1. Output the residue which, of all residues in the range 71-112 that are outside any loop (DSSP other than H, G, I, E, B) and of a type in the set (Phe, Trp, Tyr), is farthest from ARG15 (Cα to Cα).
2. Determine if the range 209-229 includes at least one residue that is in a helix (DSSP H, G or I), in contact with a helix residue (DSSP H, G or I) (Cβ under 7 Å, 6 or more places away or on another chain) and over 22 Å from SER156 (Cα atoms).
3. For the range 79-112, give me each residue that is without any contact (Cβ under 8 Å) to a residue 60 or more places away in the chain and either open to solvent by less than 40 Å² (accessible area, probe 1.4 Å) or within 21 Å of ALA152 (Cβ to Cβ) (or both).
4. Do the conditions hold for SER18, that is, is it at pLDDT 90 or above and either crowded, with 17+ Cβ neighbours inside 10 Å or acidic (Asp, Glu) (or both)?
5. Test ARG235 against the criterion of being farther than 23 Å from LEU154 by Cα and touching a Phe, Trp or Tyr at 6+ places or on another chain (Cβ under 9 Å), and give yes or no.
6. Looking at (1) at pLDDT 95 or above; (2) more than 24 Å from ASP208 (Cβ to Cβ), can you tell me which one ASN147 breaks?
7. For GLN144, indicate whether it is open to solvent by 10 Å² or more (accessible area, probe 1.4 Å), in contact with a strand residue (DSSP E or B) (Cβ under 6 Å, 6 or more places away or on another chain) and not acidic (Asp, Glu).
8. So, in the range 251-289, how many residues would count as being touching a Phe, Trp or Tyr at 6+ places or on another chain (Cβ under 9 Å), surrounded by 15 or more Cβ atoms within 10 Å (Cβ to Cβ) and either acidic (Asp, Glu) or not in a helix (DSSP H, G or I) (or both)?
Amino acid sequence: MSLPALQNTGVIYRRILSQFPQDISLAFAYGSGVFKQHGGSQGQMEKNMLDFVFAVDDPVTWHTMNLLQNRRHYSILKILGPTKISSIQNEYGASVYYNTLVPIDGRIIKYGVISTDSLIDDLMHWKTMYVAGRLHKPVKMLVQNENGKLRAALVSNLKSAVMASFLMLPESFTEEELFLQIAGLSYAGDFRMKIGEDKSKVSNIVKDNIHHFRILYSNILRDCPQVVYKPPQGRLEVDKSPEGQFIQLMALPRTLQQRITKLVDLPGKNRDVEEILLQVAQDPDCGAVVHQGISSIVKSSSITQSIKGIATAGLRKTVSYSSKKLMKMWKSWRRKQSVSQIS
């Protein structure tokens, strides 16, 4: 299989990808090891773990090949074999199987494997928002094959992020406020934001990467009839009328619409989704209801995927990974304390 998206990426990514089975429909790298985050140095970035997601058409075949090439990457679950590993991947958590704290070419990496069908489902419907949420933010795309359905789903996911954010923002706002809202979608309801994650994570992601967010979203914003986009001023104005909000609600992914319906519909009423969303569109707390719906999706998938991660990583790696997260949170808190004392 050719790797068409690799021409403009660094040699480190080519070297790492070359050590995996090549039957990958989509591969991307993300996180603080790939994009500089506010408050971090270039030197620190190069020490951070590199995070990857690989989408594969046939997980059983891919894990079979990967177990032959990289058996040491797997926890004790490797003794179960590729069929059971693929079953654990697909049936539990967010349909992703992670191997973490893997040393390759002088870097430490973590990689998640998801089936192409599960990825498309998450992008289109926000079933878990686990991988879809990562793709709301800039990533380094390494492999992308000519799968038209996957390509359309990637665009649909970005449009959904914009619509959901519009509903939670005021009538007028800045580009940075929009990108902060978008970047925060996948952290709403995530229990890890209370323990183990830097509380400034969302703003740190956005502040030094406005340019990357602009590249990702500018065409969608220009083509969207729901918003007046003024790139020179970096400002936007969105339609907050009940009619405008109804259109935005109807454009949301199916799972989120269902979660909103569940929050609002009274027991025994059994009204259809369109009728309920029409009611929500006229509610002054429309944005809060949308936020609640997103939080309920993220909370569920973050808990189940984290429990699954203990098994897929193994206890020793889980303890090591968690302690590093807690140390990072502590350092961020200490840094903010120092800044506030100086000011």
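The values are calculated or read from the model by the stated rules, or taken from the named source; none is laboratory data. The model shown is predicted, which means the values in this text are computed figures rather than measured ones. Every residue, glycine among them, receives a Cβ derived from its backbone with ideal geometry; neighbour counts consider all protein chains shown. The accessibility values were calculated without ligands, DNA or RNA, using every heavy atom of the protein model including side chains. Shrake-Rupley method; radii C 1.70, N 1.55, O 1.52, S 1.80 Å.
1. Going residue by residue through the range 71-112, those that are outside any loop (DSSP other than H, G, I, E, B) are 71-73, 76-80, 82-91, 96-104, 107-112.
Right, trim to of a type in the set (Phe, Trp, Tyr) and you get 97-98, 111.
Working: TYR97: 22, TYR98: 20, TYR111: 15 Å.
Only one residue fits best here, namely TYR97.
2. Checked the range 209-229: no residue is in a helix (DSSP H, G or I), in contact with a helix residue (DSSP H, G or I) (Cβ under 7 Å, 6 or more places away or on another chain) and over 22 Å from SER156 (Cα atoms).
3. The initial filter retains those residues of the range 79-112 that are without any contact (Cβ under 8 Å) to a residue 60 or more places away in the chain, namely 79-87, 89-91, 95, 102-103, 106, 108.
Hits for the range 79-112 are GLY81, PRO82, ILE85, SER86, SER87, GLN89, SER95, VAL102.
4. So SER18 fails the test.
5. On the way: farther than 23 Å from LEU154 by Cα: yes; touching a Phe, Trp or Tyr at 6+ places or on another chain (Cβ under 9 Å): yes.
It is true that ARG235 is farther than 23 Å from LEU154 by Cα and touching a Phe, Trp or Tyr at 6+ places or on another chain (Cβ under 9 Å).
6. That leaves (1) as the condition not met.
7. On the way: open to solvent by 10 Å² or more (accessible area, probe 1.4 Å): yes; in contact with a strand residue (DSSP E or B) (Cβ under 6 Å, 6 or more places away or on another chain): yes; not acidic (Asp, Glu): yes.
For GLN144, the condition - open to solvent by 10 Å² or more (accessible area, probe 1.4 Å), in contact with a strand residue (DSSP E or B) (Cβ under 6 Å, 6 or more places away or on another chain) and not acidic (Asp, Glu) - is met.
8. Qualifying residue count for the region: 2.
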